[in-house]
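Right, one structure below, let's go through it.
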Amino acid sequence: MNEKYAAFLPRQDVDKYDTFISYRWGDFDTKLVNQLYDALMRKAIGENDREIIVFIDRIRLKKGEDFQFAFAEALINSSSVVPIVSAAALMRLRAFDSERTNTPYHDPTKEDNVLIEWMLCLECYKEQCRPKMSRVEKILPIMVGD
């Protein structure tokens, strides 16, 4: 059955990506990322018109896989990184506001995967000057919000 519909399904046999999309889970960001992913998957590149290979966690990560190791490996093996820098993503990076106890905030004692991805993409990009340890050539942030 997979052979019959393979052209309509994302390839699972990849270890290198054209684009890595980094985003914070949430209603707005997730909808935006899903639309971006769908738009990229409809495009082709190169002389052979091959599909663009996109990494987003909900499609590429496997159950039981070490989440942080898997996304770090995928990011290092991506040629471009697209961080979604939204108002919702940035809200979690704010200091705690005692008057707004329901507002998400940055807790320096807990790991923040989006912040880790953003820091890692910058470090990978800087690697271009040294012997190649990463494939990251471009960081293309999309900034959205108020």
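The values are calculated or read from the model by the stated rules, or taken from the named source; none is laboratory data. What you see is a predicted model; the values in this text were computed from it and never measured. Neighbour counts run over all protein chains shown; Cβ positions are idealised from the backbone, glycine included. Calculation scope for accessible area: heavy atoms of the full protein, side chains included, ligands and nucleic acids excluded. Shrake-Rupley method; radii C 1.70, N 1.55, O 1.52, S 1.80 Å.
Summarising the label geometry, the points placed 7 Å from Cα in the beta-carbon direction at residue 28 and residue 66 lie 3.5 nm from one another. Distance from a point 7 Å along Cα→Cβ of residue 137 to each backbone N in segment 51-69: keep the residues under 14 Å and list them by number. Only 53 fall inside the zone, counting backbone N under 14 Å.
Remark: for residue pairs 16/138; 31/132; 16/63; 16/132; 43/138; 16/43, the C-alpha separation exceeds 22 Å in 31/132.
If you count only protein heavy atoms with a 1.4 Å probe, what accessible area per residue comes out for segment 9-67, rounded to a whole Å²?
Here the residues of segment 9-67 average 65 Å² of exposed surface.
Per-residue extension of 0.36 nm, minus the Cα-Cα distance of residue 92 and residue 44, leaves a gain of 13.7 nm for this segment.
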